[in-house]
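Working notes, beginning with the structure itself.
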Amino acid sequence: MRVALPHNLGKDEVRRRMHKHADEIGGFFPAGLARVSTNWTSEDRMVINTEVMGQTIPGEVLVGETEVVIAMDLPLLLSVMRGPLEAAVKKEAGRLLAP
C-alpha cells in the first residue's frame, strides 16, 4: 500500500513537523488495537512497524520536496482491507503535517 500526501511546506518544515508528531502514529488506531514503533533511519526516512491482530505490518515514511509517501507492506490477511486502510491513512496522516 502506498499513500502520497502532497505538500508545499518545503522539506525542512515537513521534517520538523514529522519529527514532532511521529509519536502520535499509534493514536491513529483505536486504543489497544495496534502497537506501533518508529525509527528515523535518515532525516528523510522513518521506518514504521505496526502489529495489528497478531500481524506485523512493516512500512516507511519518505519525506520529499513536494510529497510525503507512506508505504506499508500489508500481509495477505489484511490485504482485503487495503481500501479502508488507505482512506484511514490519508485521513489521519494529515495530522503528521500539522504545525
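Summing -39500 (n - 2.57) over the DSSP H runs of n ≥ 4 in the chain and dividing by its residue number, what mean residue ellipticity at 222 nm do you reach, to the nearest 500 deg cm²/dmol?
Numbers: 3 runs with 27 residues, N = 99.
Mean residue ellipticity at 222 nm (helix-derived): -7500 deg cm²/dmol.
Amide hydrogen proximity for Ile57: with H placed 1.01 Å from N in the peptide plane, the residues at 5 or more positions away or on another chain lying under 5 Å are Thr50, Glu51, Val52.
Principal-axis analysis of the Cα atoms of the chain puts helix 82-93 at an angle of about 40° to the longest axis.
Note on the chain: dipole from Cβ charges, positive end direction compared against Thr41, Ile57, Pro84; the farthest Cα belongs to Pro84.
For Lys11, the lysines whose Cα falls under 17 Å of its own Cα, not counting residues fewer than eight places away in the same chain, are Lys20.
First select every other residue whose beta carbon is under 15 angstrom from the beta carbon of Asn49; then total the charges, Lys and Arg +1, Asp and Glu -1. Show your work: numbers first, answer last.
Values: positive: Arg35, Arg45; negative: Asp23, Glu51, Glu60, Asp73.
With Lys, Arg at +1 and Asp, Glu at -1, the neighbours total -2.
Couplings 3J(HN,Hα) of the stretch 70-78, computed from phi: 10, 10, 9, 8, 6, x, 3, 4, 9 Hz, in residue order, whole Hz [Karplus 6.51 cos²θ - 1.76 cosθ + 1.60, θ = phi - 60°; x for Gly and Pro].
Got the relative contact order for the stretch 2-94 handy, in percent, Cα pairs under 8 Å and 6 or more residues apart?
Values: 126 pairs, mean separation 28.8, N = 93.
With pairs under 8 Å counted, the relative contact order is 31 percent.
None of the figures in this text is laboratory data; all of them are computed from the coordinates on show. This structure is a prediction, so every number in the text was calculated from the model and none was measured. Neighbour counts are summed over all protein chains in view; Cβ atoms, including those assigned to glycine, are modelled from backbone coordinates with ideal geometry.
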